[in-house]
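Please treat every number below as a calculation from the coordinates, not as lab data. Quick caveat: nothing in here was measured; it's all calculated off a predicted structure. All Cβ positions, even for glycine, are placed from backbone atoms using ideal geometry, and neighbour counts span all protein chains on display.
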Amino acid sequence: MNSWRPTPGLLRAVFVAGFGAIAALAVGSPAVVVLVAPLMVWIAIALRARPSYLPEPQATIAHHTLIEGQGTRSMLRLGDPEAVAEIEHVVRVSGAAPFLATHPANGVVGGLAATTGGTIELSPRRWGRREIPDGKVAVTSAWAGFRFGPVVLPGFELFALPTAAPFRAHGEAPQPLGLVGSNRSRRVGEGTEFAGIRGFHAGDRLRRVNWRVSLRTGALHVVTTRAEQDSGVLIVVDALADHGASQGIDGHASSLDVTVRAAAALAEHHLRVGDRVALRVIEWKGNIVVNAGTGERHLRRLLGTLARIRPGDQPGRDLSHQPIRVSPGTVVFVLSPMLHESVVTVTGVLARHGLPVMVIDTLPDDVRPIDETAGHDARVAELAWRMRRADREALLESVARSGTPVVTWRGPGTLDEVLHRLARRASLPRQVVR
């Protein structure tokens, strides 16, 4: 209803007051008029307060982009101040969406327009795009005489970025190649990591002079340090399927939840130390590519790309021949539950190019097959899942035999030992066949 109409209460009051007046005239008893007099007074006040302006309800949101778990507010605007001044009570019903928590929990808020204003608090509980469906709003005038609505309140879109899983790494990059960063290089240069002491050369800075050695030997000696350089990091995300049921940020995580949050943690860590980070998302429709970059703006771009991932099941398509271009010396992290041979093939191709590749297993331990409530026999589903886990173990063994380390994602300290081993392997002399 897009116009002001009398409320049922006002219509009942008019009926009772009219019936009382007619009864008083019929029986000649003024006492009946006294009984319905309060209703007549209320009818007169309600008719006098009839609104003359039509409200234009519109829902607004304070923040359209959040990190999963954060909250925002959706406010209700009713139009011009003249129209708002004539409104006494407002009721708003918000549409429900998966992985979206609201306060109040049922999405219904009502009260005086001067105090509540139809504001609803929202919080996305999982990364991704959250489309809030259309809602409804209804308002009443002073003394509840007239009502406007309920009218449809158009929905809106909320974009939730993945939160970075708790992560820290103290291992150095195997092959730092850039100009700035916090990774210790194999060459001598400006930095804070002690490399050695040598004789003074023309152009050396005086602050590098080691006076103890110089006085003992009778010749000037300087302290040399290792250069601090940045590394190229490529994060490969397997988005071919999502295994397990996601319960949002407060509950159990699916394989894609672990993958996306781990990728966000890796990207944030390496960008914070000055490395150049690139992203490749392997999907059935093709690879999503984000070129290498640095800085906070690039981190937002990476998180936005991760939040747009939509797993889809299109079996029968070969993804192993899709090219992944990467510069030499780049450290490659492959985040995958390792349940598809195409990801294993891509990992092998990257390793054969001489790149330091690390596979991060993101399959949760508590992932269970589809139960019988979804229309499947529980015993058959359990047997099929056991067979698939056996195939997965064979894939992991083939990756490990090729020299690519496989580590299960465990948060802080997950990659330290493997990074140290890759750095030691990179510093060993290599035999070149001519």
Take the Cα of THR119, step 7 Å along the line toward its Cβ, and report every residue of segment 42-79 whose backbone nitrogen sits under 13 Å from that point.
60-63, 72-77
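Could you list LYS285, LYS136 so that the one with the fewest beta carbons within 10 Å of its beta carbon is first and the one with the most is last? Intermediate results must be reported in sequence, preceding the final value.
Working: LYS285 9, LYS136 16.
Lowest count first: LYS285, LYS136.
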Among ALA85, SER74, ALA138, the residue whose Cα sits farthest towards the positive end of the charge dipole of segment 58-161 (+1 at Cβ of Lys and Arg, -1 at Cβ of Asp and Glu, taken about the Cα centre) is SER74
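Using 1/(1 + (r/R0)^6) with R0 = 41 angstrom and r between the beta carbons of GLU56 and VAL14, what's the FRET efficiency to the nearest 0.05?
With R0 = 41 Å, the Cβ-Cβ based efficiency is 0.90.
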Under a point spin-label approximation (7 Å from Cα along Cα-to-Cβ), what is the ARG216-VAL380 distance to one decimal in nm?
8.0
In segment 233-286, if the dipole is taken from +1 on Lys/Arg beta carbons and -1 on Asp/Glu beta carbons about the Cα centre, which of VAL281, HIS252, LEU271 is farthest to the positive end?
LEU271
Efficiency by 1/(1 + (r/R0)^6): what FRET value for THR65 and ILE324, r their Cβ-Cβ distance, R0 = 30 Å, to the nearest 0.05?
0.55
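Fewest Cβ neighbours within 10 Å first, please rank THR224, THR362, THR163 accordingly. The partial results should precede the final answer.
Values: THR224 17, THR362 26, THR163 20.
Listing THR224, THR362, THR163 from fewest to most nearby Cβ atoms yields THR224, THR163, THR362.
Between PHE159 and ASP204, what length comes free when the chain is fully extended (0.36 nm per residue of separation minus the Cα-Cα distance, one decimal in nm)?
Working: separation 45, 0.36 × 45 = 16.20 nm, distance 5.37 nm.
Stretched fully, the PHE159-ASP204 segment lengthens by 10.8 nm.
Of all trypsin sites (Lys or Arg not before Pro) in segment 1-79, which ones are in loop regions per DSSP and have a Cβ with at most 11 other Cβ atoms within 10 Å?
On the way: sites: ARG12, ARG48, ARG73, ARG77; in loops: none.
Here no trypsin sites (Lys or Arg not before Pro) fit, given the DSSP loop and packing criteria.
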Scattering curve values for segment 58-161, log₁₀ I(q)/I(0), Debye with Cα scatterers, q = 0.17, 0.23 Å⁻¹:
-0.73, -1.17
Let me make sure I get this right: for segment 264-315, a, b and c are the square roots of the gyration tensor eigenvalues over alpha carbons, sorted descending. Under 1.5 in a/c it's rounded, otherwise prolate if a/b > b/c, else oblate. Which is it?
prolate
When LEU306, LEU363, LEU54 are arranged by how many other beta-carbons sit within 10 Å of their Cβ, fewest first, they go LEU54, LEU363, LEU306
